[in-house]
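Since every read-out is calculated from the coordinates, none of them should be taken as a lab result. Quick caveat: nothing in here was measured; it's all calculated off a predicted structure. Using ideal geometry, Cβ is built from the backbone for each residue, glycine included, and neighbour counts are taken over all protein chains shown.
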């Protein structure tokens, strides 16, 4: 996702080992970059989960013609 670049300065305590691992695995060169990547990924995953929940557990299976009450056998 691309967000308009708006910066905010904040002080947070972050687990240093998690930050180092995230930087190494993501290829990020700075703590700021890896935190922004992590937030972007979190938003993406949560939005995807929300869309999947809205879609429902699985695709519908059934006979639409039968549900509509159409008993015409047009194909025969």
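Per-structure values
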item: Structure-derived semi-axes √(5λ) of the Cα gyration tensor in Å - corresponding label in [x] 23, 18, 11; [y] 51, 13, 11; [z] 41, 11, 4; result: [y]
item: FRET E, pair residue 35, residue 58, Förster distance 30 Å, beta-carbon r, rounded to 0.05; result: 0.25
item: Degrees separating the helix 16-26 axis from the principal Cα axis of the chain, which is the longest one; result: 60 degrees
item: Order of 12, 34 under a 10 Å beta carbon neighbour criterion, fewest first; result: 12, 34
item: Computed lengthening from residue 49 to residue 10, 0.36 nm per intervening residue step minus Cα-Cα distance; result: 11.2 nm
item: For the chain, calculated [θ]222 nm from helices alone, where every DSSP H run of n ≥ 4 adds -39500 (n - 2.57); result: -17500 deg cm²/dmol
item: Acute angle (nearest 10 degrees) that the helix 31-55 long axis makes with the longest principal axis of the chain, alpha-carbon atoms; result: 10 degrees
